[in-house]
Each structure stands twice: as structure tokens, then as C-alpha cells.
Amino acid sequence: MFFYLSKKVAMPNNVKLKCVSWNKDQGFIACGGDDGLLKVLKLETQTDDTKLRGLAAPSNLSMNQALEGHSGSVQIVTWNEQYQKLTTSDQNGLIIVWMLYKGSWYEEMINNRNKSVVRSMSWNADGQKICIVYEDGAVIVGSVDGNRIWGKDLKGVQLCHVAWSADSKALLFGMANGEIHIYDNQGNFMVKMKLNCLVNVTGAVSIAGIHWYHGTEGYVEPDCPCLAICFDNGRCQIMRHENDQNPVLIDTGMYVVSIQWNHAGSVLAVAGSQKAITQDKDVNTVQFYTPFGEHLGTLKVPGKHMSALSWEGGGLKIALTVDSFIYFANIRPDYKWGYCSNTVVYAYTRRDRPEYCVTFWDTKNNDKYVKYVKSLISITTCGDFCILATKADENHPQEENEMETFGAMFVLVLCNSIGTPLDPKYIDLVPLFVTMTKTHVIAASKEAFYIWQYRVAKKLTALEINQITRSRKEGRERIYHVDDTPSGSLDGVLDYSKAIQGTRDPICAITASDKTLIVSRESGTFQRYSLPNVGLIQKYFLDCQAYQLSLNCNSSRLAIIDILGVLTFFDLDARVTDSTGQQVVGELLKLERKDVWDMKWWAKDNPDLFAVMEKTRMYVFRNLDPEEPIQTSGYICNFEDLEIKSVLLDEIFKNPEYPNKDYIINFEIRSLRDSRALIEKVGIEDASQFIEDNPHPRLWRLLAEAALQKLDLHTAEQAFVRCKDYQGIKFVKRLGNLQSEPMKQAEVAAYFGRFEEAERMYLDMDRRDLAIGLRLKLGDWFRVLQLLKTGSGDADDSLLEQAHNAIGDYFADRQKRLNAIQYYVQGRNQERLAECYYMLEDYVGLENLANSLPENHKLLPEIAQMFVRVGMCEQAVTAFLKCNQPKAAVDTCVHLNQWNKAVELAKSHNMKEIGSLLARYASHLLEKNKTLDAIELYRKANYFYDAAKLMFKIADEEKRTKPLRVKKLYVLAALLIEQYHEQMKNAQRGKVKGKKEEVLSTSSRFTDNAWRGAEAYHFFILAQRQLYEGYVDTALKTALHLRDYEDIIPAVEIYSLLALCACASRAFGTCSKAFIKLESLETLSSEQKQQYEDLALEIFTKHTPKDNRKSELDGLLEGGEGKLPTCVATGSPIAEYQFWMCSVCKHCVLAQEINNYNFCPLCHSAVG
């Protein structure tokens, strides 16, 4: 992180400034000072140049308004960003709230207690409430509209600071004696804060500042310290919350006047003064720290007395009030970012997520890939890959075969340029510094460094990649302590104990190229190791502590930025004689630049070219000579081919979710600009001489292209040879063989991508074939089609078909299948047509296509399968039969449960396996307990007998359930038997008689008495219905029939019903017989029998067991052979000759009764 002073604004009449506050949202800067001075300023950048954005753009004061209203010295200024209000207070205790109206600030409210002076004011996070504390202990909390919410007098204390918690539930009050008390938001005292940073401090201390970051931009990591408290003696503590028992402690070693967090809570600025060693007077200083207390750097500020500081809303500038001036310093943050294969990788925090949001932005296609990473430490890139260094997840399950990494605290994840993790490595060493080459990743802590030779599978399967990551090859990962002197033989091992051993001279920076690793230490020692076998080659001693290092492309020179931002260069291989006369290796070159903040970029293809960022200027050095600077504040991504690619990260981070291609800027270096100017203005010969003197492949390519344009083939060929462009040489040779000048020009236009021009030239020469050939190469089929339609010829038909199909493919790939179909029809491409119809669910179109195809066409089985997949059986069968695949057609019917169709097909094609198929499917259904499905299957396939058998089985099993349901089941079973009879009759019509009898006899058990079950339950239900309706005599007659069905209905139910009906009908003789039968049943328990006996005793003591109307019942009671048919409607015997008989179940109904029915009472078939 680098900082440098960029601007200075003076106050009129040299009035001393006391306070400053920068509005984070709208950018207004309020500053207050002596004699009632209060000003609102605004810095704005005005530029039309897209390259001049951010800090590089010139900034001017767009607002400079003096606010009048205070008489005494203004001591406090604070913004309410949400409601665009400014609150100020002076030494007399006068408070003024200002509002913006039509571009100027006006007084909105005034308040004065006239008792004491305001020491601090603070708005809460949502801008709804303000807390004001007075020196005499008075506290007032007011709302944004000026109403007082509550007030309190804290007795016997002097207040000097106040701060709200992020959730507005707690208030911190800082006392003049250095204590901090925690209150709730209603002003009730909760607890006194423990100040760990003041342990062992003697003498009086006062609070220099309290700042609580409210998490508006998310946190650097979960549970990150955010409450900073600093005292004037330089002691500071940063807490996770107000009751944190283990805060981060810092001793800044300076006299502190003010502190403030930046907009994201990632940097704490501490302003004050320090005793200078060389001078008597104090030096104004700003120190910068992370939330974890790590020191990021120091900014020295001129002037006598610094009084306040404030950050700009984007964290790129800071305002400092010194004497009667405001100094502005620019901040160059250490963004977490990198650049690999046209992709900018950057990480930022979001308020709604605890992790870092890492974005892989492909600048070529403008695609974005986002992944969320917990506790990200750094991003390092090289070539096509990047390394994300993170803290290991505490609950990460370690793999068994990675025992040596068990308990590893950190992870290095190798990713490709779209963020796919390729290989994670768990390490037990803090990766403070990470560098990467095309083959190695080097991570260093302060004491040791870890080297991993990574492998990237270019053309390996996922399985092979997996095997590579599983097997830890010896020597692929090694650890060296910084004090070791490795010889280069593979003596490094993965021994994490080396990472724990201390050192007196810690590592402060590392860098590596393909063959060299440089490790820099705080003392100024640079250790050079060879790669890949890691042997210590050389130690160099320089008088600086490095912050950033960078090696050129042939590892001969090292660029060093020290912690003060001074850039120096070091030649690693130069041999020089030192002051003692001894020869030493390595020489510090005579070039030094100050305020340098980005310099990782040597040119990839030239060891003498180097780009560096200095304040808001980019310098390019050739052999240590700087070219004229370019104004920009971008971060350099890439430097090759005499072009520098730079990315405006400041702009990206303002809205990181939507990066814009405008934020990528390409700069050409001077030699490229000069060569281009020479070619355009002077001529090819002079330019050729200049390039000869300053050779570079890019310049030769520029010359070759210019020569081609002018058809100077000789120069073009020489230039292509110099830049080793084989295709270019071949192209020039081909041009040389062409006779016509216009033809050459057309070929050159095509070579430079001016295709419209080339096509026009071909057509002007009447060479439509060449124009078509050009468009074919480009894959521009729409234009090919247009060109083909303009002419005629035999060879065009196949090309036309090809063009139609290619355009169809174009539309189909973009899911525009309706358009595709039109072209496929013209291109006669039935395969793709079928696919489109299928994807569009246009099954009518698909059917028509199948019908239009000739028999046995290779596409028919495929179309049939499409129909099968959507359950369209008939169309699938038609297609299968058309391509002569009856077996597949039958399988389809079976698959789609169209069994009757399957049987029909099997019979018509004389297939034998239909019976076995049915049996197999039925048994499968029965296993799954889907008996009714099996019955339906048999019924559909006309296997009525098997269906009836299963139906009888269900009816028998369900006898204990509802009688009506059981009757229905028996009726269905009987109907199936009737259908079976019908089937047998039809089958036997043309056969011999003897066989017919044999077939029927085998199944007689069911077929003869098919209706018995239905009859039994019919009469059982009928008797009960008649009884309940009060027709007791008919109920008795019906119940008497039930005696014939003891094999179907349980006897106890039959005789219980009979006894009940007889009793109701006062036929006590029949009743007595029923009771005798009940008492003799073996299925009853003795208790139940006893109950029947008791009931019989009770009845027959009152009534004699004789039937009163014996004559009517005689016929029914006798039964016997000459039995009359029974009416299924009434249950009475039919004595008349005229009665109605059902055509389906062959049961009878009395002639006078049938008029009341539309359906047969037993089988429910229609009365004909």
C-alpha cells in the first residue's frame, strides 16, 4: 500500500483549522477552524479523456462555500450521509444543522444550551438519531427531524467522546480521564470497558479517538475487529465488539490527534506527530494499520500541527488538516487481484456475505465467473493460472492419505482462468508472500518458504487428474528455512517443523522467474536460489528493506521497491570491484525513482524494457532511460509486444459486480508509436532503417503489414522473415504467383480482415467463386446463400444444400428451431429436421416426416424411439413396422402398456412369446402388490380367464370389508368369466367338438358357478335393505336363500341375519332353527355360544318356537330338486311363466318388478 501527497488547499487569512469531515456518499468536505470558520468544499474531476480516470484525472474545487453562523472556533463537524445534513458545533456550545438546497448549504436548525461546550457528536448507522455529549456530563439523543428523544445528566464526569454501535443498541462514552463507559441506547449504564492497551501506562491519558466501523461494505473476514480506540500517548486497541476481552493491541509510538477507518473497514489511519531523531521539532505523521494491527505504512506531512483527518468515500484519498491548510493524499491500495490469460481476477467484500467475492472477468468476451472464498489472503497469477491463498476451513475434513498435512492452517488453491479449482494444497506455513512461475508456486512466511512444483493436465481425463492429485510424488513439494543453505540436490523435504523455527532476519519479499528465486530479508540481504532444484547460488547485501521485487524475462536484473516507495535496479550477474579491491558479483545500477507503487512488469519479450507506476504517471524504461510519462492511475496487467495493458482497478472496485471494458486500457510504447508515424509520414525505406536500428518482432510485423498494403512484396517478405512469421512468408509467396494487380489487392484486403472490401473486389473481377470461397472460409453462410442465389450453375446445388443446412445449424444452436426447420427442409436434412420437430414437441410434423420417408430408411428407428420417449405408441409402432422391426414394435407396446395392441401385433406377425411376456409382466405386478393392475393387463390382452382367477382371489381376500365392494368384485369376476365363455365359443366354432368339451371341463370350478359369489352378497345386502325398510316377510324369504351360500359368506353372519329376520317376521320356528344352528357352530368361542343361548332363552320363554304362516314358507324351507328360480329384485321364488331374464348373468326378475329397473339388479347391465 502506498500513499503520497497530491494536493494542498489553503484557508483565507491563515485561519487555523480544527476539524475536517468528508461526506462518504456525495463527496462534500466540511472543515472548521478558529473565528467561526466553516467551509464546505468539493473536489471534482473534469476530463473527457477516457484514459484519464480516477486519481490521474485533474481535480478542481467545484464547491467552495463559506458557511456563516458560528462566532467561536468550530470544533466538531459531522455528516449525516443518508439525509444530506451537516451538523457543526463551536466552542460556545452552539450547534447548527445545515441542509443542501439548490446547490448551496443553508441553516436548518440551531440549538444552544448556553451551559457547556459540545465535545462530540455522532449519528447512528442509519442516520435516524444523533447523540450529542457536553463536557459537563449532559447527553442528548435527538432524531433527524430535530426532536429530542431523551436527555440525561451523567453526574461527576467530564465527557469527551461518543460512538454508536453498528446495530444502534449500544453507546460508548469516552471520559476526560481516559475511561470508556458502555450504555444502552436508552442511556442506562451497562459496564465499564476494559482497556488492555493501557496496561503498564503511568500518568494522565486522554482519548484521541473512537471509531466504530459499521460494516456498510462488508468485513475483511468473519468476526473481524472493527471498533478502534486510540489514546493520545499512541496506545491503541482494536476490538471485535464492545466486550472483547482479547483485542488487537498497537503501540503507534506517536502523539495521536485523530483516527478513522476507511470506507471498507480494512485500513485504520492514525494521525499525529512523532519525535524526529535528527530534528528537534515533531514531524506530522499518519500511520496506517490493518484491523489485525499489521503496519501498512507511514505518510509524513509538512507543517507544524496536524489536527484532524478524514477518508474519502472510496478509500482512495485522505484529507488532513495541518495549520491553515488541508492536505490531500492519494492512497494506492493493495487490491487482491491478478491477471491471467485475458482474465482479470479480483476480490472484494460484500455486506450480505461473510466471504470474499472473487470475480474472474474475461476481458476478451466480457464474461464473468464468480466464486466465494472464505478468509482469502492473496491472489497470485502467472500464465493461464492463478493461486488463491486462504485460511483453511476449521471443519474441513482432512483426507486420510494426507496425514502429513493434518491440522494444516492454510490452503493454496490452483485455479484456471474461469475459477475452476484444479489442485488444492494444504500447508502449515503462513503464506505472507506468494509468487508463481509457469511450473512452481512459492509461498513464504517470515522464516521459511515452501515450493510446490504444480502440474497442469492439458489433455488428461478427470480420472487421471484425480490420480495425479492423490499421489504425492517425492520432491514435488519442499520446505526450506531461510537460514538453510541448500545445495541443489533434492534435499528439501516437506517438514513443517522448519516453518516454526525462528530467525533473526525475517523474509520481507520474494519473486521468481523460471530459473531463479530471489528471497529478500529485512536486513537488506538478498538470497538467490536456482530453480527448479533450489540451490543457494549467491547472497547480495543492499542497504534497503524491500517491499516488492520483480525479475526481468532472462533473470539478469532485479527491480526493487523499498518500504518508502523508492525504486532501484540491481544487476545480478555483473562483476564489479568493490571499495576494498575485491571482485564481487552484483551491482546496484545508477537509477532511483521515488513514490513508485506498481512495478511488477518487465516486458515479457525484452529484458531491457520495464514499466513502472509513479504517483499518477506511468514511465517506460528502456535500458534505464525513461520515455516521456503517460498520465494514468491504472494497475499494469501485461507488458509484451511493445504494448502495455493496464486496468483501472479503482473504477472497477467502485462497482465490482459490473466491470466495464472501458476500464482496460492499452498503451503503445514510444518505439511502436514512432515506427508507425515514420511509416505513415516518411515512407517504408526510412522506417525500415529505424526498425533495423531498434529491432523488435512487433516492429518488423508492423513494417511487413505496411509493405503488404503497398504491395512491396520484397520488403514484406524480409520483414516476415525477421519476425519469424511462417504464414506471412507463405502468403507473400502466394501473392507473388498471382498475375493480376486487383487480385493481389483483394487477397491483401482479406489478409487484413477487410472482408467486405475483398468480396467487392472479387465480384468486380467477376470471380463470384472466389467471393463464395472467402465467405465459406469465414463460415458466413448467410452471405454464401445470398451469393449463390445471384448466379446459377450445376455445382451450386450441393453448395446450396450445404448452406441451407449450415444456416439451419446456426439457428438450431441458438434454440431458434422454428427458423432452423425452414432451412433444413430446403437442405433436405431429415436427421436434423427430426431433431428439431422433437425438441419443439411438434409431433404432427415428426409423424408427417416419418410418413414421407421411404421404407427401411435408417432414420425411421430413431424417429420411432422419439415417439416411444413421449408415449406415442401408435406412431412409434407405425414407424417400427415401416422399417420392418415388428419385434421392436411389440416391445414398444409392452413398454407403454398397450397389451392388446402387443397381442394383436404378435399374432399378426406370428410371434410365440406373447404369453410368456404377459405372464412375466403380471408376476412383476403381483410382486409389487399391484393385483388390480395385473387384472387390467390380462383383461386388455383378452386373457379373461387369468383375470377372473385374480379377481376371485381379491374378492375372497376382501370378505371382511364392505359387502357392497365384495359384491362388485364378484360381479366383475363373473363378467370376466362370461367374456371368457364368449371367447371360447368363438375360438371353438371352427374346431372339433371333442376338444371344446375338454377345454371347458378344466376350468369348470370357476366357470360353472361364476355368479355364486355375486348372488350370495346380493341376497345378503338385499335382505338387510328389506329388513331396514320394514318389509320383514320378504326380508325373511331373501335371508332363507343365504343358507345355500355357507361356502361364501361366514355361517355366523347368515344365521344371525336369518334369526333377526325371522324374529321380526314373528316366524319363531325358523328363528329357533337359526339359533340351534348358531349354537352348534364350531367357529364360535364358548362365551359367544353362551350369549346366543341366553338370548334364545329370553326370546323363546315369551314366544313358542312355531311358524304362524307356515304354508308360505314351506316351499322355501323344503328346498330340494325342483327348485323354482329366484327373483333377484325381491328375493321371492318365481312361480309364474312370464318373467324377465338378464342377457348377461342369466338371472330372472318378476315381470311386474322389472318395470321399476333400468339395470339388472345383480350384474347392473342395461335392461334391454
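The values are calculated or read from the model by the stated rules, or taken from the named source; none is laboratory data. Nothing here was measured: the structure is a model prediction, and the numbers come from that model. With ideal geometry, Cβ positions are generated from the backbone for all residues, glycine too; neighbour counts draw on all protein chains shown. SASA here: full protein model, heavy atoms, side chains in, ligands and nucleic acids out. Shrake-Rupley method; radii C 1.70, N 1.55, O 1.52, S 1.80 Å.
A few remarks follow.
- Residue list for segment 496-522, filter: assigned to a loop (DSSP other than H, G, I, E, B) and loosely packed, with under 14 Cβ neighbours inside 10 Å: ILE500, GLN501, GLY502, ARG504, LYS515
- Where strands (runs of 3 or more DSSP E) fall entirely within segment 122-194, those with at least 1 residues that are in contact (Cβ under 8 Å) with a residue 60 or more places away in the chain and surrounded by fewer than 17 Cβ atoms within 10 Å (Cβ to Cβ) are at 180-184.
- Count of segment 481-528 residues which are modelled with pLDDT of 85 or more and within 21 Å of ARG455 (Cα to Cα): 7
- Residue match in segment 541-564 (condition: surrounded by fewer than 20 Cβ atoms within 10 Å (Cβ to Cβ), in contact (Cβ under 8 Å) with a residue 60 or more places away in the chain and out of contact with any Phe, Trp or Tyr (no Cβ under 8 Å at 6 or more places or on another chain)): no
- Here LEU778, LEU788, LEU774 are screened, and the one residue that is among the aliphatic types (A, V, I, L, M), over 24 Å from GLU835 (Cα atoms) and surrounded by fewer than 19 Cβ atoms within 10 Å (Cβ to Cβ) is LEU778.
- One residue stands out in segment 399-436 among those that are open to solvent by less than 50 Å² (accessible area, probe 1.4 Å) and part of a loop (DSSP other than H, G, I, E, B): the one that is modelled with the highest pLDDT, namely PRO431.
- Some residue of segment 329-346 being part of a strand (DSSP E or B), buried (at least 18 other Cβ atoms within 10 Å of the Cβ) and within 17 Å of the chain's Cα centre (by Cα): yes
- Filter result for the condition that a residue is in a loop (DSSP other than H, G, I, E, B), open to solvent by 10 Å² or more (accessible area, probe 1.4 Å), closer than 23 Å to LEU17 by Cβ and modelled with pLDDT under 90, over ASN60, ASN114, ASN92, ASN64: ASN92
- Yes/no for THR461 being modelled with pLDDT of 90 or more, farther than 27 Å from PRO486 by Cα and of a type in the set (Val, Ile, Thr): no
- The residues on offer are ASP578, ASP571, and the sole one that is touching a Lys or Arg at 6+ places or on another chain (Cβ under 7 Å), open to solvent by 10 Å² or more (accessible area, probe 1.4 Å), free of Cβ contacts under 8 Å to residues at least 24 places away in the same chain and of a type in the set (D, E, K, R) is ASP571.
- Of the residues making up segment 87-126, those that are farther than 18 Å from ILE140 by Cβ and within 45 Å of the chain's Cα centre (by Cα) number 7.
- Each residue in segment 890-914 was checked for being open to solvent by less than 40 Å² (accessible area, probe 1.4 Å) and either free of Cβ contacts under 8 Å to residues at least 24 places away in the same chain or closer than 21 Å to CYS836 by Cα (or both), and 2 pass.
- Hits in segment 757-785 - residues which are more than 42 Å from the chain's Cα centre (by Cα), of a type outside the set (A, V, I, L, M) and part of a helix (DSSP H, G or I): GLU757, GLU759, ARG760, TYR762, ASP764, ARG768, ASP769, GLY773
- The one condition in (1) within 27 Å of LYS300 (Cβ to Cβ); (2) outside any strand (DSSP E or B) that VAL612 fails to fulfil: (2)
- Annotation: of all residues in segment 1-42 being over 29 Å from MET613 (Cβ atoms) and among the basic types (Lys, Arg), the one that is surrounded by the most Cβ atoms within 10 Å (Cβ to Cβ) is LYS39.
- Contacts under 9 angstrom Cβ, first residue in segment 734-760 being closer than 14 Å to ALA771 by Cβ, partner of a type in the set (S, T, N, Q) and in a helix (DSSP H, G or I), 6 or more apart: GLU757/GLN745; ALA758/GLN745
- Number of positions in segment 724-749 that are buried (at least 19 other Cβ atoms within 10 Å of the Cβ) and within 30 Å of PRO607 (Cβ to Cβ): 1
- Filter pass, ASN366 being more than 30 Å from SER73 (Cβ to Cβ), within 19 Å of the chain's Cα centre (by Cα), open to solvent by 40 Å² or more (accessible area, probe 1.4 Å) and modelled with pLDDT under 95: yes
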